[in-house]
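Worksheet: one structure, shown below.
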Amino acid sequence: VMLLSASQDPLDCNSYWAQGGIIYKSHDDTPEDLAEDIHTAGAGLCLDDAVMQLGRKGPKSVEELLLEIAKVPFDLAEDGSLALCLEGGHHKARIIHWGDSTGRAITEYLQRAVINMPEVQLVHSAPVVDLIMEDGVCVGAQILREGELEVVAAGETILATGGIGEVYAHTSNPPSANGDGIALGRRVGAELRGMEYVQFHPTTLYRPGHRSFLVSEAVRGEGARLINAAGERFAFDYHPMGELAPRDIVARMIRSEMALSGSPSVNLDISHRDRPYLEKRFPAIFKQCLKAGFDLSQGGIPVTPAQHFSCGGIAVDLNSQTSVRGLR
């Protein structure tokens, strides 16, 4: 297996910047419970077969890949079990995390595991220029390595290339998220699906002239409140789950309040939690906010929605097969 990275740093990816956590399972969870929350968050537009496959296989995949193979050191509760928390759209605490830098831990530990696999070759600084087609089948890729074009033949080619954030003025994504994988697939005729569905994260730190900094949904999971320009909590005026409603709903309610007041942001307030707790639970966010001049323990911070996820992309079946043979 050859694993290609366009960047010199293979950790330069969207996943590295994920903060809050990853879905696992609560103590009394079922695939049906998780599926219900996914369908609700997906506004009834999700494919049920795909949702149920995720509900059945997702937790087991987390166990095998992240806990057993990569050995990611997720946070533990006092009794030694995995610490579980709530995030928006979930009715049960099923999110496992590593502080507020879960994506960093997952990508770093996965990469360590991959490096130790003799059957895997990791190649840095080798962007894919084009996919190679023969008789309607993808048979590999043309890459650029050390200034020279090179052909890599493959029985199966897998695209895992991140999002489209750089298309937008405000995004939580790194600059490398430019939609190149979708473009590569489209160029060889792969079917695209759901490109109109773009998720905006409700809470990125508002700092004019700076790239958006994500303030994790887990902050709201720990009780942070959204406050408008009049000093009023407003989330429950829009949805019975309040600040923990699905992201698209929370993003729209924030935009609505911004439009009503003419303000470029609303406040996110978790100052009911003391500083030691916040520094321990959200070390990276606390530090970044302090750097920007905001102390989470002393009052609200200005937040605004920004592009976060591309929910659509290259269409695949339940085995990740695209409409182009040899391409997943």
Does ARG275 satisfy the criteria of being open to solvent by 20 Å² or more (accessible area, probe 1.4 Å), without any contact (Cβ under 8 Å) to a residue 60 or more places away in the chain, closer than 18 Å to GLY42 by Cα and of a type in the set (Lys, Arg)?
no
When you scan the range 228-248, how many residues do you find that are in contact with a helix residue (DSSP H, G or I) (Cβ under 9 Å, 6 or more places away or on another chain) and either open to solvent by less than 60 Å² (accessible area, probe 1.4 Å) or of a type in the set (Ser, Thr, Tyr) (or both)?
13
Under the condition of being of a type in the set (Val, Ile, Thr) and not in a loop (DSSP other than H, G, I, E, B), which residue from the range 43-74 is surrounded by the most Cβ atoms within 10 Å (Cβ to Cβ)?
VAL62
Flagged in the range 14-35 as open to solvent by less than 40 Å² (accessible area, probe 1.4 Å) and assigned to a loop (DSSP other than H, G, I, E, B), in numbering order, are GLN19, GLY20, GLY21, TYR24, SER26, ASP29
Examine the range 127-146 for a residue that is among the basic types (Lys, Arg) and loosely packed, with under 13 Cβ neighbours inside 10 Å, and state whether such a residue exists.
no
Within the range 180-191, does at least one residue satisfy the condition of being more than 18 Å from ILE301 (Cα to Cα) and in contact with an Asp or Glu (Cβ under 6 Å, 6 or more places away or on another chain)?
no
Residue that is farther than 28 Å from HIS201 by Cβ and modelled with pLDDT under 95, where the choices are ILE69, ILE115
ILE115
Across the range 161-209, what is the total count of residues that are open to solvent by 40 Å² or more (accessible area, probe 1.4 Å), in contact with a Leu (Cβ under 9 Å, 6 or more places away or on another chain) and farther than 23 Å from ARG255 by Cα?
3
If I filter the range 287-316 down to residues being touching a Ser or Thr at 6+ places or on another chain (Cβ under 9 Å) and within 16 Å of GLY189 (Cβ to Cβ), which single residue comes out as most open to solvent (accessible area, probe 1.4 Å)?
VAL316
Looking at ILE115, ILE69, can you tell me which residue is in contact with a helix residue (DSSP H, G or I) (Cβ under 9 Å, 6 or more places away or on another chain) and more than 26 Å from GLY223 (Cβ to Cβ)?
ILE69
Filtering the range 82-98 for residues that are crowded, with 19+ Cβ neighbours inside 10 Å and in a loop (DSSP other than H, G, I, E, B) leaves a count of 9
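The values are calculated or read from the model by the stated rules, or taken from the named source; none is laboratory data. Note that the coordinates shown come from a computational prediction; the quantities given were computed from them, not determined experimentally. Neighbour counts are summed over all protein chains in view; Cβ atoms, including those assigned to glycine, are modelled from backbone coordinates with ideal geometry. Heads up: the accessible areas ignore ligands, DNA and RNA and are worked out on the full protein's heavy atoms, side chains in. Shrake-Rupley method; radii C 1.70, N 1.55, O 1.52, S 1.80 Å.
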